[in-house]
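Contents: one structure, followed by commentary.
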Amino acid sequence: MSTQQIFCLDFETTGLNPYYNDIIELAIKQLGVKEAYTTFIMPSIDVSKPREGGISNIVPSKVTEITGITDKVLQEKGISTKDAILGLFEYLQSQCDTSKPIYLVAHNGTLFDFLFLKKYIRKYMDDFTVGYLRILENIKYIDSMLFARLFMGSERVNQPGLCRKYNVKNRAEHRALGDVQALEKIYKYMCQEYSNYKKQDKNYYLDNPEAIIEDCLV
């Protein structure tokens with residue numbers, strides 16, 4: 001197992017626009033570590049006022065159909081967005097040497113998960129402890145979709161497609177923890193395949209995530 005500090009991250013949201021929509025569930029898990037952090041999130045929305053498109057409920061019906069997450073679930077189990085983001089950083093602090101690089105892996109993260117995360121980091125920065133700010137200085141981002149495109153040619157590189165390719169069963173698809181657990185397995189397989197593709201030792205890219213970032217920037 002890699003000695004690097006690598007974490008898989010996933011958000012479920014009310015829509016696909018990171019600048020307009022809200023997160024309603026998150027999960028983050030370190031590779032090779034049993035403990036994960038996951039929570040439902042109750043967005044700070046005035047449900048008495050219709051939202052864009054006439055939607056007055058918290059979770060659009062289409063999102064509920066995909067995820068199974070309902071307004072009732074969020075009202076009963078959700079915590080505030082600020083508490084969820086601070087909880088994410090508390091989890092990182094509990095798992096990490098905060099003086100070393102911390103790699104966050106998300107599928108399509110560049111256009112989705114990382115944008116949501118950065119939005120809330122900016123919003124709640126004043127509530128960050130010194131430890132959280134140290135983490136923030138050391139975070140590095142890996143988009144596993146861009147990683148897959150480095151060496152998979154015309155293959156389908158969405159997460160369900162990669163699950164099929166590597167025979168990974170996602171027992172809770174479109175739920176944050178299920179997607180994170182599946183991504184953890186996919187990422188390990190991808191690192192092995194890319195190491196072979198680049199004629200490196202089997203675990204080279206698992207042990208050297210910075211090299212993945214550099215290749216994705218080329």
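The values are calculated or read from the model by the stated rules, or taken from the named source; none is laboratory data. From a predicted model like this one, the values you see are computed outputs, not experimental measurements. Positions of Cβ are backbone-derived with ideal geometry, glycine not excepted, and every protein chain shown enters the neighbour counts. SASA here: full protein model, heavy atoms, side chains in, ligands and nucleic acids out. Shrake-Rupley method; radii C 1.70, N 1.55, O 1.52, S 1.80 Å.
Assign unit charges at the C-beta atoms only (+1 for Lys and Arg, -1 for Asp and Glu), then state the dipole size of the chain relative to its Cα centre in Debye, rounded to the nearest 20.
460 debye
Just by accessible area at a 1.4 angstrom probe, what is the order of Thr98, Thr38 from largest to smallest?
From most exposed to least exposed: Thr38, Thr98.
For region 1-135, give the share of DSSP beta bridges that are antiparallel, in percent and rounded to the nearest 5; count only bridges with both residues there.
Antiparallel: roughly 75 percent of the beta bridges in region 1-135.
List the lysines whose Cα sits under 17 Å from the Cα of Lys118, skipping any in the same chain fewer than 8 residues away.
Those lysines meeting the cut-off are Lys82, Lys140.
In vacuum, with every alpha carbon of region 1-44 counted as one equal point scatterer, what does the Debye formula give for log10 I(q)/I(0) at q = 0.26, 0.31 Å⁻¹? Two decimals, please.
Scattering profile of region 1-44, log10 relative to I(0): -0.88, -1.07.
Kindly rank 102-112, 6-16 from highest to lowest mean number of other beta carbons found within 10 Å of each residue.
Top to bottom by mean Cβ count within 10 Å: 6-16, 102-112.
Hey, what D do you get for region 91-173 in µm²/s if you plug the Kirkwood alpha-carbon radius into Stokes-Einstein at 20 °C and 1.002 mPa s?
Rounded, D is 145 µm²/s.
Using the structure shown, select from Lys119/Lys165; Lys100/Lys202; Lys165/Lys202; Lys62/Lys119 the pairs with a Cα to Cα distance greater than 26 angstrom.
Lys119/Lys165
Computed over the Cα atoms of region 80-218, what is the convex hull's projected area averaged over all directions, in nm²?
If I average the Cα hull's projected area over directions, I get 9.1 nm².
Counting other C-beta atoms within 10 Å, and keeping those with at most 13, which DSSP coil GluC sites (Glu not before Pro) do you find in region 140-208?
Here the sparse-neighbourhood loop sites are Glu155.
Using unit Cβ charges (K, R positive; D, E negative) and no other charged atoms, how large, in debye to the nearest 20, is the dipole of region 162-213 about its Cα centre?
That gives a dipole near 280 debye.
Can you work out D for region 58-121 in µm² s⁻¹ from Stokes-Einstein, where Rh is the Kirkwood radius over C-alpha pairs, the temperature is 10 °C and the viscosity is 1.306 mPa s?
Rounded, D is 113 µm²/s.
Which whole number of Å³ per residue matches the convex hull of the alpha-carbon atoms in region 1-134?
Spelled out: Cα convex hull of region 1-134, divided by residues, is 120 Å³.
Starting at 0 and stepping by 10 Å, how many percent of the alpha carbon pairs of region 141-208 end up in each bin?
Percent of Cα pairs in each bin: 21, 53, 24, 2.
Expressed as a rounded percentage, what relative contact order does the chain have, with Cα pairs under 8 Å and six or more residues apart?
23 percent
How many nm separate the modelled label positions at Glu210 and Thr70, each set 7 Å beyond the Cα in the direction of the Cβ?
5.0 nm
Ignoring ligands, DNA and RNA, what percent of the accessible area of the chain is carbon or sulfur (1.4 Å)?
Exposed carbon and sulfur together represent 48 percent of the surface.
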